[in-house]
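The values are calculated or read from the model by the stated rules, or taken from the named source; none is laboratory data. Just so you know, these numbers come straight off a predicted model, no measurement behind them. When we count neighbours, we look across all protein chains shown, and the Cβ atoms used for this are built from the backbone with ideal geometry, even at glycine. For accessibility, only protein heavy atoms count, side chains too; no ligands or nucleic acids. Shrake-Rupley method; radii C 1.70, N 1.55, O 1.52, S 1.80 Å.
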Amino acid sequence: LMYDKALAELPVSHGEGGWRADVTRWAEDLWAFYLRHPWVLQISQARPVLGPNEYVVLEALVKILRRTGLGPVMLRRLVSALYSCVREPARTASEARQAEKATGQSDDEWWYARSAHLREVSPDFAERFPTLTWMEGEQAFRMEDETVSYLEQEAREAFELSLAVLLDGIEVSMKAE
């Protein structure tokens, strides 16, 4: 009941733009909701709550997706994909926010401590993992905002990329139909 009550705060009117802009707004709203209420990420999706507000949020998304012209089976699958696209990176961002409180170590302290241990247990790291070493050399793991934890930034970027790729795939599917 708490979960369903919390869902009532999500906006459900997304009819101002095209379907893509509206799905993006829906996903951004859900992302922010998960970060405001990280406890909802602990609720199993294997047995959903099935409360009225859960259905209001679901109805809003399906209404947006229906404007794509794709069939109902595809829409059902897209709903699952979109929830996963938001939920899993949001879980990582939420866990990153809670990690310092739980461990007493900042992100930097934790990573530096682990890096030292990694060199001990895998002195041949560069030879064993040349592709990862290449990525590090190309600064693929550098983050723009040093005030936000690495994993939270990584989660946000993964969310944005996976949403964009998924929306691109929807557009391709629309053309194929």
- [ ] Starting from residues that are surrounded by 15 or more Cβ atoms within 10 Å (Cβ to Cβ) and among the aromatic types (Phe, Trp, Tyr), keep the ones in region 126-177 and report whichever is farthest from residue 90 (Cα to Cα).
- [x] 150
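Considering region 49-59 alone, what residues qualify as being in a loop (DSSP other than H, G, I, E, B) and surrounded by 13 or more Cβ atoms within 10 Å (Cβ to Cβ)? I'd like the intermediate steps shown before the answer.
First, pick out the residues of region 49-59 that are in a loop (DSSP other than H, G, I, E, B): 49-51.
If the condition is that a residue be in a loop (DSSP other than H, G, I, E, B) and surrounded by 13 or more Cβ atoms within 10 Å (Cβ to Cβ), then 49, 51 are the ones that fit.
Of everything in region 68-109 that's in contact with an Asp or Glu (Cβ under 8 Å, 6 or more places away or on another chain) and open to solvent by less than 20 Å² (accessible area, probe 1.4 Å), which residue is nearest to residue 171 (Cα to Cα)? Reasoning before the result, please.
We begin by selecting, within region 68-109, every residue in contact with an Asp or Glu (Cβ under 8 Å, 6 or more places away or on another chain); these are 69-71, 92-93, 96-97, 99-100, 106-107.
Subset that is open to solvent by less than 20 Å² (accessible area, probe 1.4 Å): 70, 93, 96.
Working: 70: 10, 93: 28, 96: 33 Å.
Only one residue fits best here, namely 70.
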Open item on the list: So residue 31 ticks every box in (1) more than 19 Å from the chain's Cα centre (by Cα); (2) farther than 12 Å from residue 61 by Cα but one. Which box is left unticked?
Closed with: (1)
Open item on the list: Filter region 112-125 down to the residues that are open to solvent by less than 80 Å² (accessible area, probe 1.4 Å) and either over 21 Å from residue 150 (Cβ atoms) or aliphatic (A, V, I, L, M) (or both) and list them by number.
Closed with: 113, 116, 118, 124
- [ ] Six or more apart or on different chains, Cβ under 9 Å: which pairs go from a residue in region 162-177 that's under 18 Å from residue 85 (Cα atoms) to one that's part of a helix (DSSP H, G or I) and among the charged types (D, E, K, R)? Could you list them?
- [x] 162/88; 163/28; 167/20; 170/20; 171/20
Open item on the list: For region 129-150, check the following and say yes or no: at least one residue is touching a residue at least 40 places away in the same chain (Cβ under 8 Å), farther than 23 Å from residue 20 by Cα and of a type in the set (Phe, Trp, Tyr).
Closed with: yes
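Using the structure shown, decide if residue 27 is touching a Leu at 6+ places or on another chain (Cβ under 6 Å) and under 20 Å from residue 150 (Cβ atoms).
On the way: touching a Leu at 6+ places or on another chain (Cβ under 6 Å): yes; under 20 Å from residue 150 (Cβ atoms): no.
Taking the combined requirement at face value, the residue does not satisfy it.
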Open item on the list: Can you list the helices (runs of 4 or more DSSP H) lying wholly within region 63-177 that have 3 or more residues being under 17 Å from the mean Cα position of the chain (by Cα), under 26 Å from residue 28 (Cβ atoms) and at pLDDT below 95?
Closed with: 72-103, 150-176
